[in-house]
């Protein structure tokens, strides 16, 4: 399932190397800023998608982020993840 977020780039984390074949980098996008309850949404860029988060993107800038929504179960608990595949300036 595809999800598109429009908002302000709040956080750009450092790249995290999990293993020899797996790296990730997280960003936080604040959406619904004009409402009483703005939301901070975490998206992960994985491996080659990390290259999409270039120096052109600054915290505080307006962005449009496209992600795949993924879900999984582990030991009776359920988890969601937004995996970035596109980011552009708004």
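The values are calculated or read from the model by the stated rules, or taken from the named source; none is laboratory data. Quick caveat, the model's predicted, so the values are computed rather than measured. Note that we place each Cβ from the backbone using ideal geometry, even for glycine, and neighbour counts take in every protein chain shown.
Give region 25-77 a look and list any residue that's under 17 Å from residue 89 (Cα atoms) and touching a helix residue (DSSP H, G or I) at 6+ places or on another chain (Cβ under 8 Å), or say none.
The answer is 45, and nothing else.
Sort through 35, 30, 8 and tell me the only one that's loosely packed, with under 11 Cβ neighbours inside 10 Å and either modelled with pLDDT of 95 or more or out of contact with any strand residue (DSSP E or B) (no Cβ under 7 Å at 6 or more places or on another chain) (or both).
Details: 30 fails: loosely packed, with under 11 Cβ neighbours inside 10 Å; 8 fails: loosely packed, with under 11 Cβ neighbours inside 10 Å.
Being loosely packed, with under 11 Cβ neighbours inside 10 Å and either modelled with pLDDT of 95 or more or out of contact with any strand residue (DSSP E or B) (no Cβ under 7 Å at 6 or more places or on another chain) (or both) holds for just one of 35, 30, 8, which is 35.
Looking at region 54-90 only, could you name the residues that are free of Cβ contacts under 8 Å to residues at least 12 places away in the same chain and either in a strand (DSSP E or B) or surrounded by 15 or more Cβ atoms within 10 Å (Cβ to Cβ) (or both)?
71, 72, 73, 74, 77, 78, 79, 80
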